[in-house]
Structure formats: C-alpha cells, structure tokens
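A.B. asks: Following this message is one structure expressed as structure tokens.
The values are calculated or read from the model by the stated rules, or taken from the named source; none is laboratory data. In this text the structure is predicted, and so the values were computed from the model without any measurement. All Cβ positions, glycine included, derive from the backbone under ideal geometry; neighbour counts span all protein chains shown.
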C-alpha cells in the first residue's frame with residue numbers, strides 16, 4: 001500500500017466513541033465535524049445526544065405530555081437528519097440518544113455515567129463575548145469533577161479546512 005492510500009483509508013475499528021451534544025448553536029457544526037474526523041481517523045464512532053429540557057411541570061398533565069411528545073419527535077427528526085451526514089463524514093452511523101432533563105449538563109453527565117463506551121465528550125465553544133456557552137462553562141467549571149471522560153473543546157469559529165487540518 002502506498003503512503004497516499006494509507007492517508008486516505010480510515011483507521012481500523014476501535015472502541016473510541018466521541019459524544020457530541022446536539023443543540024441549535026452555530027458551534028455544533030464545528031464540534032460535530034471534528035468528532036466525525038477523529039472517529040474516521042481512529043476507527044471510532046460518533047454518538048449524538050439531544051437533550052429535551054423539561055423545565056417547569058405543566059398544570060394540565062395532558063398538555064405537558066403532548067408538548068413533550070412533540071419535542072421528542074423533533075429531537076428524533078433532527079438526529080435522523082444529522083445521522084446521514086455523520087455517516088458520510090465518519091464512515092459509520094452514529095449512536096443516537098434522546099434524554100429529558102431539567103438541565104442539559106445533568107443529562108450529559110448522567111448519560112456518560114450510564115454508557116461506559118463513551119470515550120470523549122466533544123463540545124463546541126461559542127464565539128461571542130458572553131463566554132464559551134453554558135454547557136462548556138458548566139462542564140469545565142463546577143461539574144468538571146463529575147466527568148469520567150476527557151472533554152475536547154473545539155473553537156466554534158474554525159472553518160471546515162481548519163477542522164480537517166487538526167482533526
């Protein structure tokens with residue numbers, strides 16, 4: 001095999017799982033691309049977590065149940081759409097998780113605790129003046145001691161070419 005083919009071929013399969021938290025922030029795309037690139041290079045796999053933030057309980061139980069079901073359907077739609085792109089970029093279909101919780105960081109910590117196969121948490125950092133974002137702040141600050149996996153924080157302003165270069 002020539003050096004060119006070795007550089008193009010994905011790595012042999014490994015047990016490494018890169019978890020990305022799916023939300024509606026611009027930095028998600030950068031974090032997901034990075035995770036896909038690392039999974040492809042190491043023979044690992046991407047996992048995606050969509051957290052349905054439950055907030056306050058609804059006075060009318062039926063209305064709350066309906067709203068929760070609509071949120072779950074939206075989560076599944078978003079994950080399925082993204083899964084096809086992850087398959088193209090990483091070479092394998094991702095593992096998909098939907099969880100409910102009052103706070104996103106709590107759901108992330110709980111999933112990582114429940115799933116021993118998750119190896120690395122990949123987060124995208126916001127680029128605005130308000131800091132890296134609430135999830136990055138929580139999981140690198142007050143809750144960092146509760147993590148059992150390393151956290152990779154990818155700057156949200158990176159271009160596709162820059163991610164390809166470092167990934």
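A.B. asks: If you take the residues of the stretch 53-95 that are at pLDDT below 90 and under 24 Å from residue 112 (Cβ atoms), which of them is nearest to the chain's Cα centre (by Cα)?
C.D. replies: Once the filter is applied, the top-ranked residue is 53.
A.B. asks: Got a number for residues in the stretch 68-104 being touching a strand residue (DSSP E or B) at 6+ places or on another chain (Cβ under 9 Å) and farther than 17 Å from residue 18 by Cβ?
C.D. replies: 15
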